[in-house]
Amino acid sequence: MPSLKKTKIWTNFYIRGMENIKRLFQAKIEAKLNKGKVIVIYGPRRVGKTTLVKEILKKKGSVKGYFNCEEAFVRETLLSMDSVRMFNYFSGNEIIVLDEAQSVSDIGRAIKILLDTHPELNIIATGSSYFELANDEFFLPPISFEEIKHNFGNTGAIKSIENSLIYGSYPEIVTANNNEEKLEKLHLLATSYLYKDVLNYKRIKNPDLLMKILKALALQIGSEVSPNEIAGSIQIDRKTVLSYLSLLEQAFVIFRLPPFVKNRKDEIKKMSKFYFNDNGIMNALTNNFLPLENRKDTGTLWENYIVSERRKFNEHHGLKPNSYFWRTHSGNEIDLIEEVNGELIPFKFKYNSKRFARSANSFVESYKSKDILVVNKNNAFEWLAD
């Protein structure tokens, strides 16, 4: 990847002090703490899971309850599956936090043994990949538009939008002192930190291939992704592409939006869209940090930002719509469809415009959905924070 330091810097919105940014999930997690329960906080690396759990421990007066599972002795204690050894090491704390729990193979079994013998314990486990063991689960994404609004008011939230479109919203990026620092941190995120779990999984040790696949995805935001085309462009087999895409999803670097398919013969049926959880990572992969007025891909930036922010909004509010895109072979398209209790709600994303091609109304006519809502820079505030 070319050096990001040479890229001209523009946006000048800064928030100082990551420890001062209150995450919306904190109160919900604290309310769920109960004896004999496991709470899992999962999400990409570097989104602030450790900061969040330490803040919870501090508030509860249980700061000694933090354990990093990437440390050898902590990991070995859990791998022992010995309830006495585990209890002797972890006990004496009202809350036990097992940070980076995905580092321990069969972590679910270890925690079950511990709780079966000592049901009075409170356990919070964090992970940068998904594992099944929780009574309650919380997906922690990069900082959301709604969280910026709650912490810094309406003006701060509005000012943050262009910054997030270009640099993204990882906590260390949002709280960087200047744009040069943002670029340096994004370089580290996009080349090492974020993909640690992917590269460690099943001894996958080919970062060059991983970066080629990610760059190919970054250039196809807003379009259906063909694994065959990616395989052909970088000269590998389709099975390898599918394997890497799956791993990147499990590590929360990207997420998939499937096609909406019902009864029309001309609908795109097989290929999904992929989006990045963060715009800054996407821009780092293409090494493009130009301001919006100098870019030809503003529509793509807006679509990735809005789809990922909507996902954050739904997570924060416990909403679980079925989400799709819709496109026909003739070019009719809906960027996002949310299906709630059998009702279809279609959206189009246009950074500057309120208009969309009338042909898109064929979706409304075919499926008797709600009217199409266009989300642009002028009405996004209400859509993402209310």
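Each label point was placed 7 Å from the Cα along the Cα-to-Cβ direction; for Asp371 and Asp136 their separation is 4.0 nm.
Just in segment 166-217: which trypsin sites (Lys or Arg not before Pro) are loop by DSSP and have at most 13 other Cβ atoms within 10 Å?
Passing both the DSSP loop test and the Cβ count: Lys205.
Our helix-only sum for the chain, with -39,500 (n - 2.57) per DSSP H run of n ≥ 4 divided by its residues, gives a mean residue ellipticity at 222 nm of -12500 deg cm²/dmol. Packing order of peptides 242-250, 30-38, highest average first: 242-250, 30-38 (average count of other Cβ atoms within 10 Å over each peptide's residues).
Exactly which GluC sites (Glu not before Pro) in segment 128-187 are in a DSSP loop and have at most 13 other Cβ atoms within 10 Å? Taking segment 128-187 and a limit of 13 other Cβ atoms within 10 Å, the loop GluC sites (Glu not before Pro) found are Glu132.
Taking the centroid of alpha carbons for each part, segment 68-139 and segment 249-277 are 35 Å apart. Simple spin-label estimate for Asn322 and Asn341 gives 1.6 nm between the two label positions (7 Å along the Cα-to-Cβ direction from each Cα). Ordering Ala110, Val63, Phe73 by Cα displacement along the dipole of segment 24-139 toward the positive end leaves Val63 in first place; charges were set at the Cβ atoms of Lys, Arg (+1) and Asp, Glu (-1). Within the set (i) 67, 46, 44; (ii) 62, 52, 40; (iii) 58, 50, 37, the number that Cα extents along the principal axes in Å takes when calculated for this structure is listed as (i). Dividing the mean sequence gap of close Cα pairs (under 8 Å, 6+ apart) by how many residues the chain holds gives a relative contact order of 17 percent. So what is the orientation-averaged projected area of segment 24-139, using the convex hull of its C-alpha atoms, in nm²? About 6.2 nm², averaged over all directions.
Positive end of the dipole of segment 278-327 (Cβ unit charges, origin at the Cα centre): among Trp302, Pro291, Phe325, the Cα lying farthest that way belongs to Phe325. Here the gap between Leu33 and Asn154, fully extended at 0.36 nm per residue and compared with their Cα-Cα distance, gives a gain of 40.4 nm.
Computed from label points 7 Å out along Cα-Cβ, the spacing between Thr50 and Arg256 is 3.1 nm.
Subtracting the Cα-Cα distance of Asn178 and Ile234 from their residue separation scaled by 0.36 nm leaves 16.6 nm.
Close amide-amide hydrogen proximity is noted between Ile268 and Arg327, Thr328, His329, each under 5 Å apart and 5 or more residues distant or on a separate chain (H modeled in the peptide plane; Pro and chain starts excluded). Packing, as the average of other Cβ atoms within 10 Å across residues, places the peptides 100-106, 299-305, 220-226 in the order 299-305, 100-106, 220-226, highest first.
What the Cα convex hull of segment 139-252 gives, in volume per residue, is 125 Å³.
Rule-based calculations on the coordinates, nothing more; no lab input. Everything numeric in this text was worked out from a predicted model, so none of it was measured. Quick reminder, even Gly has a Cβ in these numbers, built from the backbone with ideal geometry, and neighbours come from all protein chains shown.
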